[in-house]
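Here's the structure, in structure tokens; my notes come after.
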Amino acid sequence: MTTQNDTRKSILKRGALLAGTAILGIGLAAGIADSALMQNHNAVAQPIQLSGAQTTLPSFADLVEKVKPAVVSVRVKTQTAAAGDEQNLDDLPPQLRRFFRERGEGAAPSKPQPRQGMSQGSGFFVSQDGYVVTNNHVVENAVEVQLVTDSGKTLDAKVVGTDPRTDLALLKVKDAGDYAFVQLADGKARIGDWVLAIGNPFGLGGTVTAGIVSAQGRDIGSGPYDDFIQIDAPINRGNSGGPTFNQKGEVVGVNTAIFSPSGGNVGIAFAIPASTVKQVVESLKKDGTVARGFIGVQIQPVTTEMADAIGLKEAKGALVAEAQGNGPAAKAGIRRGDTITAVNGEAIKDARELSRKIATFAPGAKATITLFREGKSRDVTFEVGRQPAA
């Protein structure tokens, strides 16, 4: 049975992957800046007249001047394996085999040649010694990465690590230097806050756009950890991996996707929140990969009908559809039909929130799950496992 949620996700997943910005019915983008950028730089308000009332709109000029040096254009040379176009003659029927041999066309398939391409996106420095954040899809299959700074200088970089599940990547400039960088925000952006995006849309580096935070916690169907900030600042192909700033000059999100039935911006863009970026960057810098917690269950949302049937007061939590035989949850006694309502005492709203919560645990950490089973709640404590590689 198709639900309204299924329909929404299928709409968002339509489209094609375009250079520098993923279009899932959506497209991709992101950014960050410097120690001088760690200071607060509030926007200067400029009064204008609207219908006789005095209103103010912000000027971002001072902010742009401070953070723009930390944002870079990312140019990538890619290489992917190509399937062979020719077939071994031994696999053909005898008549065709004889025909091709008479024409002198090989007895063995030729070795397929790798396919090379170019892609581009955006990124930003997060440290003075040259670490840069961008999107995974910008540098996927990269054999060569170059960064172009706001001043026009070209820098060679290497990929330190990638995290396909959150579409983030960490790069490192090869040459030592003292680079302008920006800070990731500690606080969460509020709906209605002004934000500023800087990036490389359509190859036009150093482009600045502004808008507001339109929504929080968006699930666009791209993965189990979807928790996007929705903004209305214009984001287009090539903005992928660039930063969205608050008025203090802190990065609140990495621009990643646009809702785009036509391939261009229509005022709905999605950014990975700074809290997620911080966690991923720390792991990539330390290990080159991201290790996430894993409990080994397949889960589904709790509907109102399900809640009534099992005796839950509210339609909240995550219903266990299956507990994998050798997984940590099954070993701890969690089974099909259980409803997970809390982790370490913190209530779980839905299945998506449970996935994100468990992913924050380091493999080997202890976790206590609160279950609702047969009309009663009970706690189960076990050791979190390591999530299999993507």
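In square angstrom, rounded to the nearest 10, how much accessible surface does Lys316 have for a 1.4 Å probe?
100
Please compute, for the alpha-carbon atoms of the stretch 244-390, the extent along each of the three principal axes and give them in descending order in Å.
Principal-axis extents of the Cα atoms in the stretch 244-390, largest first: 50, 38, 30 Å.
Taking amide H positions as placed in the peptide plane 1.01 Å from N, state which residues far from Asp338 in sequence (5 or more) or on other chains have amide H under 5 Å from it.
When sequence neighbours closer than 5 places are left aside, the close amide H contacts are Val320.
Roughly how big is the stretch 275-390's charge dipole about its Cα centre, with Cβ charges of +1 (Lys, Arg) and -1 (Asp, Glu), in debye to the nearest 20?
With only Lys, Arg, Asp and Glu charged at Cβ, the dipole is about 320 debye.
What is the sum of charges, Lys and Arg at +1 and Asp and Glu at -1, for the other residues whose Cβ falls under 13 Å from the Cβ of Lys357?
The answer is 0.
Among 122-132, 233-243, 291-301, how do they line up from the highest to the lowest mean number of other beta-carbon atoms within 10 Å?
233-243, 122-132, 291-301
For Gln128 and Glu383 in one chain, what is 0.36 nm times their gap in residues minus the Cα-Cα distance, to one decimal in nm?
Extra length available between Gln128 and Glu383 comes to 88.0 nm.
Restrict the search to the stretch 286-365; then list the GluC sites (Glu not before Pro) that DSSP places in a loop and that have at most 14 other Cβ atoms within 10 Å of their Cβ.
Filter output for the stretch 286-365: Glu314.
From a point 7 Å beyond the Cα of Ala347 in the direction of its Cβ, which residues of the stretch 291-328 have a backbone N at a distance under 17 Å?
So the set is 302-304, 307-308, 311-319.
Find the centroid of the Cα atoms in the stretch 359-390 and in the stretch 139-201, then give the distance between the two in whole Å.
34
Using 1/(1 + (r/R0)^6) with R0 = 22 angstrom and r between the beta carbons of Thr368 and Asp186, what's the FRET efficiency to the nearest 0.05?
E between Thr368 and Asp186, to the nearest 0.05, is 0.20.
Can you give me the long-range amide H partners of Ile212? Hydrogens built in the peptide plane at 1.01 Å from N, cutoff under 5 Å, separation of 5 or more residues or another chain.
Val195, Asp232, Ala233
For a quick check of your reading of the filter: which chymotrypsin sites (Phe, Trp or Tyr not before Pro) in the stretch 297-390 sit in a DSSP loop and have no more than 13 other Cβ atoms within 10 Å?
Those that pass, being in a loop and sparsely packed, number zero.
If the cut-off is a Cα-Cα distance under 21 Å, which lysines reach Lys153, setting aside same-chain residues fewer than 8 apart in sequence?
Of all the lysines, those that pass the test against Lys153 - Cα under 21 Å, at least 8 places apart if same chain - are Lys66, Lys68, Lys77, Lys172, Lys174.
What order do you get for 196-203, 141-148 when each peptide is scored by the mean count of other beta carbon atoms within 10 Å, highest first?
Result, highest mean first: 196-203, 141-148.
Please list, in order along the stretch 298-314, the HN-Hα scalar couplings obtained from phi with the Karplus expression 6.51 cos²θ - 1.76 cosθ + 1.60 (θ = phi - 60°), rounded to whole Hz, x for Gly and Pro.
Result, ordered by residue: 9, 10, 8, x, 9, 7, 4, 5, 5, 4, 4, 5, 9, x, 6, 5, 10 Hz.
Across every pair of different alpha-carbon atoms, what Kirkwood hydrodynamic radius in Å does the stretch 174-308 reach?
About 16.5 Å for the stretch 174-308.
Treat every Asp and Glu Cβ in the stretch 159-295 as -1 and every Lys and Arg Cβ as +1, leave all other atoms uncharged, and give the resulting dipole magnitude about the Cα centre to the nearest 20 debye.
100
The values are calculated or read from the model by the stated rules, or taken from the named source; none is laboratory data. All figures in this text were calculated on a predicted structure; none of them were measured in a lab. Every residue, glycine among them, receives a Cβ derived from its backbone with ideal geometry; neighbour counts consider all protein chains shown. For accessibility, only protein heavy atoms count, side chains too; no ligands or nucleic acids. Shrake-Rupley method; radii C 1.70, N 1.55, O 1.52, S 1.80 Å.
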